[in-house]
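Structure first, then comments.
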Amino acid sequence: MLVAPSLLAADFGNLEREMQWFNASQADYLHLDVMDGVFVPNISFGFPVLRHVARLCRKPLDVHLMIVEPQKFIPQVAELGAYYMNVHFEALTHHHRVLQQIREAGLHPAITLCPSTPVSSLADIITDVDMVLLMSVNPGFGGQQFIPHTLDKVRQLRQLIRESGSHALIEIDGGVNLRTGQQLAEAGADVLVAGSFVFGADKPAEAITALKCLS
């Protein structure tokens, strides 16, 4: 299992310390939730913070833009040296065009679905993305409870990927812990985003290792 701890749950007063243990951990990516207070009812952090984190982090960056018109920020995300640029299906009008622009900028395009958006919405673009992020909570706040229906959506998405010949990974964000993580692994998930479970743990690096052992 791949693990992408979410910086949203980190101690922002001690980012350098957080990044020191994180860089030495078994984490695969650092998940960065950017919120604008418009697309979601909260504001997190912007590009000044992202640039600082990018300098400190030695892991690939998974930048999740929970914002309106995310295509405007493709150059800034590319400048960070990010690996994934993750944009919401619900925030786009011209899906193919934006995903192509993301790839042309040297980034791996990823698309996110809110809990109420059906997997079938991806039928025409599933081969254009390298990862699909299924939100297992309503986006905008950390520490929410896992939505059980997500397990069905993972199975549906796995079938769509198989039938289309897509190579997209399945990522899950929201309410991830060892119990829900095991359920997601069995349903077919590839990547787990975990915020509170990791950064709130007494031994966060060990929490990451425990998630990686799920299968």
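The values are calculated or read from the model by the stated rules, or taken from the named source; none is laboratory data. As the structure is a prediction and not an experimental result, all values here were calculated from the model. Here the Cβ is made from the backbone with ideal geometry for all residues, glycine too, and neighbour counts use every protein chain on show.
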task = Go through segment 1-18 and count every residue that is among the polar types (S, T, N, Q) and free of Cβ contacts under 8 Å to residues at least 12 places away in the same chain.
result = 1
Condition met for VAL63 (surrounded by fewer than 22 Cβ atoms within 10 Å (Cβ to Cβ) and not acidic (Asp, Glu)) = no
task = Quick one: count up the residues across segment 85-135 that are among the hydroxyl-bearing types (Ser, Thr, Tyr) and more than 18 Å from the chain's Cα centre (by Cα).
result = 4
remark   = So, first residue at positive phi in segment 19-33, second residue assigned to a loop (DSSP other than H, G, I, E, B) and charged (D, E, K, R), Cβ within less than 7 Å, six or more apart or across chains; the pairs are none
note = Okay, helices (runs of 4 or more DSSP H) sitting entirely in segment 6-125 with 2 or more residues that are among the hydrophobic types (A, V, I, L, M, F, W, C), at pLDDT 95 or above and farther than 30 Å from LEU151 by Cβ, I get 15-24, 47-56, 74-79
message = For segment 79-112, which positions are within 21 Å of VAL53 (Cα to Cα) and among the aromatic types (Phe, Trp, Tyr)?
response = TYR83, TYR84
query = Limited to segment 163-181, what total is found for residues that are crowded, with 22+ Cβ neighbours inside 10 Å and either among the basic types (Lys, Arg) or under 16 Å from LEU8 (Cβ atoms) (or both)?
reply = 6
